[in-house]
Amino acid sequence: MIGVRKYMGLQILRITAACLVLLTHATFYASERLDRHFGVWRVGGGAGVDIFFVLSGFVMIYSSTKLVNDSNGWKIFAERRIVRIVPMYWIATTIKVIAALLTTGYVLHAQFSSVNTVASYLFLPAYNTEGSIGPILGVGWTLNFEMFFYFLFTLALFFRVNVYKFVGGVLCLLALGAIFRQPGLPAVSFYLNRMVLDFFYGMVIAKVCLTGKHIPRYFAIPLLGLGFVGLLASVPPLGQLHGIAAALIVYSMASLEDSLTRIPRFVLYMADASYVMYLFHPLIAPAVPVAMLKLHLLYPWLSVACSVTLGLGGGCLIYLLIDAPITKWFRNHLLIGGKKVIHPVTTV
């Protein structure tokens, strides 16, 4: 294994994935709240999540290299994940609950049950009042996958077993089980999904990168483009290969690290804020089409542009004023002490 290096190019993918999700949701908000005839760009959201999941698998391996042989490694890993994911997710979920109780029309698809509410805060899948499996905060479904992945990773560190065989084996079984998933099964069937393989792809890529094996630059650039073509393809059979396409994108970008001479600071900042953007944009971006409808400005593409801008800007502001201070406080007061809390690349 070579010395651990920084892959700053992956930060570009973090904000790219966040923008893809935000763009998809912005078209949905415009269609649902402003112009019913406006088409929704559904491909981008799934593509962004695939990238997030692969990046998550990569970062978990890369950030835990020193924890594998540490008897307290599982504690440190679990605490880092909880500190990074839970506070902002709970804040966003609580804001949505309050908004749904105090307003009418602004928060849609937000009828709560006690079971679904508790499950949402615990990152557990549960049926909602609409009959589908999902948390109160719509985008939180990806966090249910993330936290399950972290749980498996923590178990592997606790029992000191091969993380690739244990976590990868479970994820492969769940992906295989997706073939047999049927409507009406218990909520736990939520985990039977081919997307869980994205985490494993990221783990394998990290393992390869840790040995210093990268794609040559003259291959990495076209493969990066090919990956995005495959990822954004919305027709079969390419639509079934999104996870592999996302993995190709991540590996290609990691291989191009030495070619990235300088990444603008604002890009790195937005990448750090991408988790907050992902969580909070559903709470702030819909304000654009709502306001435009009241002003009789029926221009859906303008709504999309403004929603994306508001989501990005609002996410950066919330990160600066709330997320970064909270993370810093926990970093200084919990068991991990002054050790760095690795920012998630998901989101999701």
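Where only protein heavy atoms count, and the probe is 1.4 Å, what is the accessible area per residue for the chain in Å²?
Values: 16340 Å² over 348 residues.
Heavy-atom accessible area per residue stands at 47 Å².
Considering the Cα positions of the chain, please state its Rg to one decimal place and its Dmax as a whole number of Å.
My reading of the Cα-based Rg and Dmax gives 19.9, 62 Å.
In straight Cα distance, which aspartates and glutamates are under 17 Å from LYS213, not counting same-chain residues fewer than 8 positions off?
LYS213 reaches GLU257, ASP258.
Calculate what fraction, in whole %, of the accessible area of the range 195-291 sits on carbon and sulfur atoms when a 1.4 Å probe is rolled over the protein chains.
Ligands and nucleic acids excluded, carbon and sulfur give 70 percent.
Hey, could you get me the Stokes-Einstein D for the range 9-88, Kirkwood radius over alpha-carbon pairs, 4 °C and 1.567 mPa s, rounded to whole µm² s⁻¹? Please list the in-between numbers first.
Working: Rh = 14.9 Å.
In µm²/s, the coefficient is 87.
Name the residues of the range 158-180 whose amide N is less than 14 Å from a point 7 angstrom out from the Cα of LYS75 along the C-beta direction?
The answer is 158, whose backbone nitrogens lie closer than 14 Å to the label point.
Of LYS66/LYS165; LYS6/LYS96; LYS75/LYS96, which ones are farther than 26 Å apart at the Cα? Before the final figure, lay out each step's value.
Numbers: LYS66/LYS165 18 Å; LYS6/LYS96 36 Å; LYS75/LYS96 31 Å.
Cα-Cα > 26 Å for LYS6/LYS96; LYS75/LYS96; rest within.
Could you work out the per residue convex hull volume over the alpha carbons of the range 1-153, in cubic angstrom? It would help to have the intermediate numbers written out before the result.
Details: hull volume 19.7 nm³, N = 153.
Here the figure is 129 Å³ per residue.
With axes computed from alpha carbons, what is the tilt in degrees of helix 141-158 against the longest principal axis of the chain, rounded to the nearest 10 within 0 to 90?
20 degrees
Want the number for LEU297 to ALA324: 0.36 nm per residue separation, take away the alpha-carbon distance, what's left?
6.1 nm
By its C-alpha gyration tensor, with a ≥ b ≥ c as the square roots of the eigenvalues, how is the range 239-286 shaped: rounded for a/c under 1.5, else prolate for a/b larger than b/c, else oblate?
On the way: a/c = 3.95, a/b = 1.22, b/c = 3.24.
It comes out oblate by the Cα gyration axes.
Per residue of the chain, what 222 nm ellipticity follows from adding -39500 (n - 2.57) for every DSSP H run with n ≥ 4, rounded to the nearest 500? Display every interim value, and only then the final one.
Details: 14 runs with 217 residues, N = 348.
The helix contribution divided over the chain gives -20500 deg cm²/dmol.
Rounding to the nearest 10 and keeping the result within 0 to 90°, find how far the Cα-based axis of helix 324-333 lies from the longest principal axis of the chain.
Tilt relative to the chain: about 40 degrees.
Could you compute the FRET efficiency for HIS333 and ILE98, with r as their C-beta to C-beta distance and R0 at 41 Å, rounded to 0.05?
On the way: r = 27 Å, r/R0 = 0.66.
It comes to 0.90.
At 0.36 nm per residue, minus the direct Cα-Cα distance, what do LYS6 and LEU226 gain on full extension? Give it in nm, one decimal, please.
Details: separation 220, 0.36 × 220 = 79.20 nm, distance 2.45 nm.
Result: 76.8 nm gained on full extension.
Label VAL161 and LEU176 with points 7 Å out from Cα along Cα→Cβ: what is the distance between them in nm?
Between VAL161 and LEU176, the simple spin-label model gives 1.5 nm.
Quick check on the range 204-280: take the gyration tensor over C-alpha atoms, sort the square-rooted eigenvalues as a ≥ b ≥ c, and tell me if it's rounded (a/c under 1.5), prolate or oblate.
On the way: a/c = 1.74, a/b = 1.07, b/c = 1.63.
Cα axes put the range 204-280 in the oblate bin.
With a ≥ b ≥ c taken as the square roots of the eigenvalues of the C-alpha gyration tensor of the range 239-342, please select rounded if a/c is under 1.5 and otherwise prolate if a/b is larger than b/c or oblate if it is not?
Details: a/c = 2.27, a/b = 1.29, b/c = 1.76.
It comes out oblate by the Cα gyration axes.
With axes computed from alpha carbons, what is the tilt in degrees of helix 242-255 against the longest principal axis of the chain, rounded to the nearest 10 within 0 to 90?
Helix 242-255 sits at roughly 60 degrees to that axis.
So between VAL267 and THR117, what do we pick up on full extension, going 0.36 nm a residue minus the alpha carbon distance? Before the final figure, lay out each step's value.
Details: separation 150, 0.36 × 150 = 54.00 nm, distance 3.50 nm.
That works out to 50.5 nm of additional length.
The values are calculated or read from the model by the stated rules, or taken from the named source; none is laboratory data. If you're wondering where the values come from, they're calculated on a predicted model, not measured in any experiment. Every residue, glycine among them, receives a Cβ derived from its backbone with ideal geometry; neighbour counts consider all protein chains shown. Accessible surface is based on the protein model in full, side chains and every heavy atom, while ligands, DNA and RNA are left aside. Shrake-Rupley method; radii C 1.70, N 1.55, O 1.52, S 1.80 Å.
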